[in-house]
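Heads up, the thing below is written out as structure tokens.
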């Protein structure tokens with residue numbers, strides 16, 4: 001069972017696809033969002049959840065005060081579940097704007113015109129490193145100057161190639177087999 005941990009929809013149970021995705025555990029999400037709250041990056045943020053699966057990361061951000069969440073998921077079944085989860089969060093009283101985009105990450109970013117303050121990349125663990133790097137390169141022009149990027153990968157995976165995307169590492173934390181890497185635009189590091 002996966003649930004929204006805190007905020008306006010705290011405690012709301014959300015669906016996860018039966019196969020094809022790897023939901024972020026409640027423990028990892030709780031630690032991640034505690035750190036995001038402490039860094040004061042959630043309130044009013046425009047959030048992008050790439051490889052969204054159920055949409056748990058983007059919807060948790062929305063529940064905790066983000067202004068909007070764009071959930072990008074290519075698999076039809078997972079995108080449908082993410083849309084149902086948006087409705088659950090809305091019924092719980094969360095008013096932020098949430099949209100599901102059924103597209104590959106590459107296609108979505110190639111056509112995107114907005115900017116985001118917070119981006120999550122939680123790809124399948126078997127995604128090749130070059131594909132993750134390509135996603136970061138495509139994402140970078142769509143980030144606000146003080147944006148935060150969080151990449152979730154297997155602990156055994158190498159760190160993201162931040163430099164190739166014009167980004168830089170901010171922090172990293174491991175939780176069992178999962179590591180969260182935080183990055184930011186190079187100009188943001190001077191303000192943190």
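The values are calculated or read from the model by the stated rules, or taken from the named source; none is laboratory data. Keep in mind that what you see is a predicted model, and the values were worked out from it rather than measured. Note: ideal-geometry Cβ built from the backbone for every residue, glycine included; neighbour counts use all protein chains shown.
Tell me, which residue of the range 144-156 that is assigned to a strand (DSSP E or B) and surrounded by fewer than 18 Cβ atoms within 10 Å (Cβ to Cβ) is modelled with the lowest pLDDT? So the residue we want is 154. In a residue-by-residue description of the range 28-41, the property of being in a loop (DSSP other than H, G, I, E, B) and out of contact with any strand residue (DSSP E or B) (no Cβ under 8 Å at 6 or more places or on another chain) applies to at least one position. In this structure, does residue 150 turn out to be in contact (Cβ under 8 Å) with a residue 12 or more places away in the chain and within 23 Å of residue 17 (Cβ to Cβ)? The answer is yes for residue 150. In the range 161-191, of all residues being part of a helix (DSSP H, G or I) and touching a strand residue (DSSP E or B) at 6+ places or on another chain (Cβ under 7 Å), the one that is modelled with the highest pLDDT corresponds to 162. Condition (residue is touching a strand residue (DSSP E or B) at 6+ places or on another chain (Cβ under 9 Å) and at pLDDT below 95) applied to the range 106-117: is it met by at least one residue? Yes, that holds for at least one residue. Just one of (1) surrounded by 13 or more Cβ atoms within 10 Å (Cβ to Cβ); (2) more than 20 Å from residue 47 (Cα to Cα); (3) touching a residue at least 24 places away in the same chain (Cβ under 8 Å) fails for residue 159. It is (3).
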